[in-house]
Amino acid sequence: MANPAFNTRFEPAYGQAVSVAPGVQRITVNNPSPFTFFGTNSYIVGDRSVAVIDPGPEDEVHFQALMLTLRGREVSHIFVSHTHRDHSPLSRRLQEATGGVIVAEGPHRAARPLHLGEVNPFAESSDAAFTPDIAVGDGESIAGDGWRMSAVLTPGHTANHAAFALEGTGILFSADHVMAWSTSIVAPPDGSMADYMASLDKLIARKDRILFPGHGGPVQKPVTFMRAMKTHRRMREQAILARIRAGDTDIAEMVKVIYRETNVALHAAAALSVLAHIEDLLEQGLIETDGPPSLGGHYRPAA
């Protein structure tokens, strides 16, 4: 299956503030994994009075690196893209240390209610204790000293996912919705593929100049890249539909074939992605199942 032109070249420079654009610095947390790439990116926007975007997980070394970089500067706002534990928890400690106002779409929530007997596989990865001081709506902007940030709500990866646009620059902080190194995980019930695709269309229409993601390096040609990402997702959807029409009835069978070139350690995450696509295919009326969709469900083409 054709992939977008992913860029896996990245130097994390752990603990160091790297200038990535005028008035924008990046510090990467040393929390690498198959899901975080080299680690979570925190961004600092501004000069004397700044905003911090996605402080990251509870990590002492990263906290000290942030505080060292912020020394002598006021932190007026702390923006949080979404409530996975690699992005939001450190916001509370950073607020205690700096007094910055925490801004986000809202507390953590699932994209849909849990079905009877369903367990949320990402429950432990979610920061359920998070509550912002300011809950921003789509397009709402917040001004700081020499900068203005607009919220671009992008549900899909999580229901409360938000990107942030640095007005007047063409820069969008895309968090986990669009990343240069890999596709984003969309895992029900926290995530929704239909929401993800709608949010992708929304970002394509914006035509931002450059995206700074939550993991890895920047997306340099966002519209071209996101159009390829959209095509990739649609091809994945068609591959799943083809497997069901060929007689595969369960997700495990589909994953073995569709993700045969993917590391087996990632097959559990792949299964959740397939489930997200299946929920969308059910919504479109292209397939059927008995009862609510689940990882253990059985699927067939629509009559």
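The values are calculated or read from the model by the stated rules, or taken from the named source; none is laboratory data. All figures in this text were calculated on a predicted structure; none of them were measured in a lab. Every residue, glycine among them, receives a Cβ derived from its backbone with ideal geometry; neighbour counts consider all protein chains shown. Keep in mind that these areas ignore ligands, DNA and RNA; they rest on the heavy atoms of the full protein, side chains included. Shrake-Rupley method; radii C 1.70, N 1.55, O 1.52, S 1.80 Å.
For the reader, a short list of remarks on this structure follows.
- Test: R92 is open to solvent by 70 Å² or more (accessible area, probe 1.4 Å) and either farther than 29 Å from E279 by Cβ or of a type in the set (V, I, T) (or both): yes
- Of all residues in region 151-169 being of a type in the set (V, I, T) and within 10 Å of the chain's Cα centre (by Cα), the one that is nearest to L200 (Cα to Cα): T154
- Verdict on A13 being open to solvent by less than 20 Å² (accessible area, probe 1.4 Å) and under 20 Å from the mean Cα position of the chain (by Cα): no
- The residues on offer are S42, S19, and the sole one that is assigned to a strand (DSSP E or B) and over 19 Å from V80 (Cα atoms) is S19.
- Qualifying residue in region 41-63 (condition: of a type in the set (G, A, S) and over 26 Å from G106 (Cβ atoms)): no
- Residue pairs meeting the criteria (Cβ under 8 Å; at least 6 apart or on separate chains; first touching a residue at least 40 places away in the same chain (Cβ under 8 Å) and surrounded by 19 or more Cβ atoms within 10 Å (Cβ to Cβ), in region 264-277; second among the aromatic types (F, W, Y) and part of a helix (DSSP H, G or I)): A276/Y196
- Some residue of region 69-88 being part of a loop (DSSP other than H, G, I, E, B), under 20 Å from V20 (Cβ atoms), open to solvent by less than 50 Å² (accessible area, probe 1.4 Å) and of a type in the set (S, T, Y): yes
- Checking D133, D138 one by one, the residue that is surrounded by fewer than 16 Cβ atoms within 10 Å (Cβ to Cβ), acidic (D, E) and in contact (Cβ under 8 Å) with a residue 24 or more places away in the chain is D133 and no other.
- Condition check for A180: under 20 Å from T224 (Cβ atoms), of a type outside the set (D, E) and surrounded by 22 or more Cβ atoms within 10 Å (Cβ to Cβ): yes
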